[in-house]
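Written below as structure tokens is the structure these notes are about.
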Amino acid sequence: MTTTRWIDKDFSNMLKPNWLTRPLNENDSGVFKEIRLVAIADSPSTVWPTAEEEEMRTSAEVQAKLQQTASQVVFGTFFDGQLIAIAGLRRESLVQVAHKALVWGVFVRQEFRKEGIARHLFECIKQYADKTGVLQIHLSVNSENQRAKNLYESLGFRKFATEPGP
């Protein structure tokens, strides 16, 4: 696993007019759980948790994950009412590390990849981070996931550590 940190880089908003991106909320818990299961099936070695663990999450747990707070937000992109992409940001709550946040759960349905959706989700995350005082955005990526590593590097993330596997 490689851990990277955001290096500020400007890029244009690439969202197409027929896509809608917004923070998800408790009412989106069903479609969120569905896309998480699709993400796990698509890349089981790169997504936490396992499909079994995700299936066992209660509605209340999923709703809590989607509740936007000063410490967390999950953005979703919709096309024709279907949730096609997600990305979350979780900020540290302790004062001394509140300037740091972690991107998690980035996924774009396979048929919508290479359309700029992930870049747009990162722009939304960056704007939210700026508004909430986040100065450093971190993420982890499976070292085998070259597609994701290429995206993150193109967005300005830089590798700063490698965590050995089990």
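Key figures
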quantity	calculated
Number of positions in the stretch 18-35 that are of a type outside the set (Phe, Trp, Tyr) and either in contact with a Ser or Thr (Cβ under 8 Å, 6 or more places away or on another chain) or assigned to a helix (DSSP H, G or I) (or both)	11
Hits in the stretch 22-37 (condition: surrounded by 16 or more Cβ atoms within 10 Å (Cβ to Cβ) and over 24 Å from Glu123 (Cβ atoms))	Ser29, Lys33
So Gly105, is it at pLDDT 95 or above, within 22 Å of Glu34 (Cβ to Cβ) and crowded, with 16+ Cβ neighbours inside 10 Å	no
Selected residue (criterion: most open to solvent (accessible area, probe 1.4 Å)) from residues of the stretch 86-101 that are more than 9 Å from the chain's Cα centre (by Cα) and either under 21 Å from Ala118 (Cα atoms) or modelled with pLDDT of 95 or more (or both)	Arg90
Residue in the stretch 70-81 that is most open to solvent (accessible area, probe 1.4 Å), counting only those that are modelled with pLDDT under 95 and on the phi < 0 side of the Ramachandran plot	Ala70
Answer residue from the stretch 134-164, given it is open to solvent by 40 Å² or more (accessible area, probe 1.4 Å) and assigned to a loop (DSSP other than H, G, I, E, B) and is modelled with the highest pLDDT among those	Leu135
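The values are calculated or read from the model by the stated rules, or taken from the named source; none is laboratory data. Being a predicted model, the structure only gives us computed values, none of them experimental. Every residue, glycine as well, gets a Cβ built from its backbone with ideal geometry; the counts of neighbours run over all protein chains shown. Accessible surface is based on the protein model in full, side chains and every heavy atom, while ligands, DNA and RNA are left aside. Shrake-Rupley method; radii C 1.70, N 1.55, O 1.52, S 1.80 Å.
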